[in-house]
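Report on the structure given below.
The values are calculated or read from the model by the stated rules, or taken from the named source; none is laboratory data. Computed from a prediction, not measured in an experiment: that's the story for all the values here. Cβ atoms come from the backbone with ideal geometry, glycine included; neighbour counts cover every protein chain shown. Note: accessible area is taken over every heavy atom of the protein model, side chains too, but ligands, DNA and RNA are not part of it. Shrake-Rupley method; radii C 1.70, N 1.55, O 1.52, S 1.80 Å.
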Amino acid sequence: MDTNLTLGIALSIAREYKNKYELSGEILDNLERDIKFYSQFDSINGSVWLV
């Protein structure tokens, strides 16, 4: 599936979200290991990015 987001954009969104809601944990720069795109995931209707 083609998506409009890139790994870099997904990383940026995740970091902004983490900072906004003061969440714990680290988001590392190893993009291929820490960020994954799934066209289907669990019971979600549609595609997802997991960080």
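Tabulated values for the structure
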read-out	value
Distance between modelled label sites at Asn4 and Gln40, nm, 7 Å Cα→Cβ extension	2.5 nm
Helix-only [θ]222 nm of the chain, DSSP H runs n ≥ 4, -39500 (n - 2.57) each, per residue, nearest 500	-10000 deg cm²/dmol
The chain, Rg to Rh (Cα coordinates; Rh as Kirkwood inverse mean 1/r)	0.98
Average accessible surface area per residue within the chain, 1.4 Å rolling probe, Å²	85 Å²
